[in-house]
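Comments concern the structure below.
The values are calculated or read from the model by the stated rules, or taken from the named source; none is laboratory data. Note that the structure is predicted; figures quoted are calculated from it, not measured. Counting neighbours? That spans all protein chains shown, and the Cβs are built from the backbone with ideal geometry, glycine included.
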Amino acid sequence: MFESLQDRLSGILDSLTRRGALTEADVSAALREVRRALLEADVALEVVKDFTDKVKERAVGVEVVKSVTPGQMVVKIVNDVLVETLGSEGVTIDLNAPSPVPIMMVGLQGSGKTTSTAKIAKRLTDRQKRKVLMASLDTRRPAAMEQLKFLGEQGGIDTLPIVAGQSAVQIANRAMQAARLGGYDVVLLDTAGRQSVDEALMAEMAEVYRAAQPHETLLVADALTGQDAVNTARAFSERLDLTGIVLTRLDGDGRGGAALSMRAITGKPIKLVGVGERMDQVEEFHPERIANRILGMGDIVSLVERASETIDAEKANKIAEKMRKGQFDLDDLSEQLQQMQRIGGMSGVLGMLPGIGKMKKQLEGANLDDGVIKRQQAIISSMTKEERRKPDILKASRKKRVAAGSGTKVEEVNKLLKMHRQMADVMKMMGGKKGKGAMAKLFGG
Ligand code: GDP
């Protein structure tokens with residue numbers, strides 16, 4: 001997700017943070033590069049302009065404070081503006097209405113509408129314990145109706161029985177009726193798609209909208225189509241009162257143009273994102289986490305959350321809290337490495353760790369596989385309790401002892417210590433959301 005944009009931006013920002021003093025010209029030059037990177041990522045021109053203007057405005061006259069370099073301040077500003085561009089607060093699907101709550105799904109053919117409908121139904125069923133009914137309104141494509149039925153059977157979600165010859169509005173009415181009688185909490189209406197936005201499609205959508213009076217109207221858009229997705233969203237929102245966007249195929253989206261432009265151009269929040277073909281591969285959209293990911297700052301919160309779903313929640317919370325306070329020690333790192341193994345998917349987890357953008361090459365060189373993780377854990381467990389708490393006391397002779405004890409080399413011990421230091425630094429810098437972090441404090445956040 002967002003790999004190419006992340007590469008570009010973290011490279012630009014990295015060179016800023018490594019400098020001691022910054023002139024206005026340095027900042028301008030970096031911003032020109034940021035601008036180019038965003039345009040190449042297919043972010044809408046007006047969004048790019050707004051973005052760089054805002055960063056420039058805030059960067060000028062920022063006071064230089066001890067312990068933070070001006071470059072780090074600029075990175076923080078870029079991060080903040082990015083979060084704002086993405087919509088600041090995460091917005092979720094709202095079910096606060098009398099049951100059955102109608103949710104209408106709209107979008108172009110192939111955008112991932114049917115898959116997303118089933119994903120949402122499954123999520124509402126499993127996580128929020130709602131009784132959900134799905135109905136396909138795609139009267140022109142019997143295959144689409146069958147697909148929804150198939151997904152329903154797979155996921156254990158009820159679908160409205162298919163009756164040939166009914167219009168979309170008739171099906172919508174029948175779905176609402178069936179839901180009322182069957183005591184359903186939510187009805188998901190999967191409407192027909194077209195190749196492109198056309199008058200007939202819009203007229204049909206408007207008709208269904210009037211009949212079903214949806215509480216949520218979600219547009220499904222394919223992130224891979226970049227600005228086209230944004231233009232489609234704009235066209236739909238001019239005709240229907242959209243309440244949110246479901247952005248699919250973020251898993252394959254290296255550029256991030258649609259994700260970045262969507263909110264600013266349409267004014268509608270991205271409520272969910274699709275991150276794979278599997279039914280459980282849908283996630284809430286958290287602007288702050290996405291921004292951290294794009295800037296290569298990792299996605300600690302998501303990582304910890306994902307871990308806590310599989311592992312001990314209390315432990316995970318404790319680690320998260322320590323990260324926020326900048327007290328992340330080697331015991332915590334060891335715990336993280338263990339969790340990483342348990343969660344599986346090294347590459348998935350790696351992208352979420354802070355500072356990894358910078359270390360990627362180094363890690364690739366080190367061939368970070370499970371064997372390496374095991375050796376890293378051996379290194380940590382060869383340390384004394386005190387050394388794990390305060391890695392700074394590990395000088396040459398202690399390092400030698402640890403290397404011998406774990407059957408590794410001093411170089412490897414050094415590498416591990418460096419990785420820990422970089423992680424701890426980034427964590428401290430990105431700090432707590434509510435102003436606990438050093439950076440946030442400096443900016444009165
Ligand atoms: P519809 O025509 O809009 O209903 O599109 P479908 O739901 O049939 O999806 C089209 C294809 O995209 C299917 O093969 C899906 O498995 C795939 N797809 C949908 N969402 C995602 C996603 O978030 N990630 C990936 N990788 N594939 C997706």
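Here are the numbers:
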quantity	calculated
Selection from the range 263-287 of residues that are within 13 Å of the ligand (Cβ to nearest atom) and small (Gly, Ala, Ser)	Gly274, Gly276
When residues of the range 95-114 are limited to those that are out of contact with any strand residue (DSSP E or B) (no Cβ under 6 Å at 6 or more places or on another chain) and farther than 23 Å from Met202 by Cβ, the one farthest from the ligand (Cβ to nearest atom)	Pro98
Test for Met202: is it in a helix (DSSP H, G or I) and either touching a Ser or Thr at 6+ places or on another chain (Cβ under 9 Å) or assigned by TED's automatic domain parsing to the domain that holds Val282 (or both)	yes
Subset of the range 123-148 [hydrophobic (A, V, I, L, M, F, W, C), within 16 Å of the ligand (Cβ to nearest atom) and surrounded by 14 or more Cβ atoms within 10 Å (Cβ to Cβ)]	Met134, Ala135, Leu137, Ala144, Met145, Leu148
Total residues in the range 157-172, condition in a helix (DSSP H, G or I) and under 29 Å from the mean Cα position of the chain (by Cα)	0
Qualifying residue in the range 173-186 (condition: buried (at least 23 other Cβ atoms within 10 Å of the Cβ) and hydroxyl-bearing (Ser, Thr, Tyr))	no
Residues within the range 210-231 that are among the aliphatic types (A, V, I, L, M) and assigned to a loop (DSSP other than H, G, I, E, B), tallied	0
Neighbours by Cβ (under 8 Å, 6+ apart or cross-chain): first from the range 232-247, in a helix (DSSP H, G or I); second among the charged types (D, E, K, R)	Ala233/Lys268; Ser237/Lys268
Candidates Leu260, Leu201 - the one that is surrounded by 18 or more Cβ atoms within 10 Å (Cβ to Cβ), at pLDDT below 90, more than 12 Å from the ligand (Cβ to nearest atom) and not acidic (Asp, Glu)	Leu201
Qualifying residue in the range 160-176 (condition: basic (Lys, Arg), within 15 Å of the ligand (Cβ to nearest atom) and out of contact with any helix residue (DSSP H, G or I) (no Cβ under 6 Å at 6 or more places or on another chain))	no
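One line per residue, one yes/no per condition, for (1) outside the structural domain of Glu277 (by TED's automatic domain parsing); (2) under 24 Å from Thr92 (Cα atoms); (3) of a type in the set (A, V, I, L, M, F, W, C); (4) within 25 Å of the chain's Cα centre (by Cα):
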site: Thr139; (1), (2), (3), (4): no, no, no, no
site: Glu146; (1), (2), (3), (4): no, no, no, no
site: Leu151; (1), (2), (3), (4): no, yes, yes, yes
site: Gly155; (1), (2), (3), (4): no, yes, no, yes
site: Ala179; (1), (2), (3), (4): no, yes, yes, no
site: Gly183; (1), (2), (3), (4): no, yes, no, no
site: Arg210; (1), (2), (3), (4): no, yes, no, no
site: Leu218; (1), (2), (3), (4): no, yes, yes, yes
site: Thr248; (1), (2), (3), (4): no, yes, no, yes
